[in-house]
1. Do you know which of the residues in region 188-205 that are under 24 Å from residue 146 (Cα atoms) and not polar (S, T, N, Q) is surrounded by the fewest Cβ atoms within 10 Å (Cβ to Cβ)?
2. Quickly run through region 125-144 and pick out the residues that are in contact with a helix residue (DSSP H, G or I) (Cβ under 8 Å, 6 or more places away or on another chain) and either assigned to a loop (DSSP other than H, G, I, E, B) or within 17 Å of residue 72 (Cβ to Cβ) (or both).
3. When you look at residue 184, is it more than 14 Å from the chain's Cα centre (by Cα), farther than 23 Å from residue 106 by Cα and touching a residue at least 12 places away in the same chain (Cβ under 8 Å), yes or no?
4. For region 148-170, which positions are more than 17 Å from residue 189 (Cβ to Cβ) and out of contact with any Asp or Glu (no Cβ under 6 Å at 6 or more places or on another chain)?
5. Quickly run through region 212-233 and pick out the residues that are under 27 Å from the mean Cα position of the chain (by Cα), exposed (fewer than 15 other Cβ atoms within 10 Å of the Cβ) and either of a type outside the set (Ser, Thr, Tyr) or within 22 Å of residue 182 (Cβ to Cβ) (or both).
6. For region 245-254, give me the residue count where each residue is assigned to a helix (DSSP H, G or I) and within 15 Å of residue 209 (Cβ to Cβ).
7. Of the numbered conditions (1) farther than 23 Å from residue 238 by Cα; (2) touching a residue at least 12 places away in the same chain (Cβ under 8 Å), residue 216 satisfies every one except a single condition; which is it?
8. All but one of (1) over 12 Å from the mean Cα position of the chain (by Cα); (2) buried (at least 21 other Cβ atoms within 10 Å of the Cβ); (3) free of Cβ contacts under 8 Å to residues at least 24 places away in the same chain hold for residue 159; which doesn't?
Amino acid sequence: MRHPRFNRLRSLIWLLAATCGAAGCTAPPADGADARQDESPVALATTLEVVPRVEAELGEQASAVRQQLAAARDEVSRRLAEISRDEGAVSDEGALSEAFGRLGMVLNAYQFLDAATVAYRNASVLSPTDTRWPYYLAFLYQLQGQLDEATALYQRVLEREPKDANAHLRLADTLFEADEPAKARHHYEQALALHPELAAAHLGLGRVAAATGRHREAITHFERTLALQPGATEAHYPLAIALRQTGELQRAEE
């Protein structure tokens, strides 16, 4: 007996092949959260995109990278074929999500960020309950300055994993970059509540305090950062500035 999703998934595969050119399919919503609500094959097919090929950008000596990319792409192709052959089992759909995610990780590792973004989006659409893919996608958006998109995705992760200290930390960093210090402070504090010795959260709280004129509080957090992580060189300069702001010139010169 065919799985009820089979016809939809088979249609998805054929429509994806038919409608996606070199530029890819229509992009999904930024966070992918509602991508699975419409169960029609056409609507679902347009949420998947062709992952751009990057091999032409590799140098002649990058044979190992080419092999990794080829293996990751072959896995995506194999999983697509399995969906068609095995009549669209849910486990196949999850495996395809995993394959797209792993392709994204390879592309990400070699700084092909645009292609990695597409792969992570596909993985997230196919497996919306898996928080890895929106987390990685959010981080790429954050790196590229797409702060609204990153914020929405980190929030989506935290809806499912409210005790994820790293997600709180990344969201706080994004909010601070977006000039939302009060919201950033909340999530830095949440990260610290979950992981009291998280030096990066103290660093973030120090930056928030300094940006809002609370220089003594900033000093406390920067010093705590360095106590927890002596190699955190990024804390030295803001600490010196905060010390100057409180008149502690000698300590600032140390």
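1. 189
2. 126, 127, 129, 130, 131, 132, 133, 136, 137, 140, 144
3. Yes, satisfied.
4. Correct list: 148, 149, 150, 151, 157, 159, 160, 161.
5. 231
6. 1
7. All conditions are met except number (1).
8. Evaluating residue 159 over (1) over 12 Å from the mean Cα position of the chain (by Cα); (2) buried (at least 21 other Cβ atoms within 10 Å of the Cβ); (3) free of Cβ contacts under 8 Å to residues at least 24 places away in the same chain leaves (2) as the failure.
The values are calculated or read from the model by the stated rules, or taken from the named source; none is laboratory data. Nothing here was measured: the structure is a model prediction, and the numbers come from that model. Cβ sites come from the backbone with ideal geometry, for glycine too, and all protein chains shown count toward neighbours.
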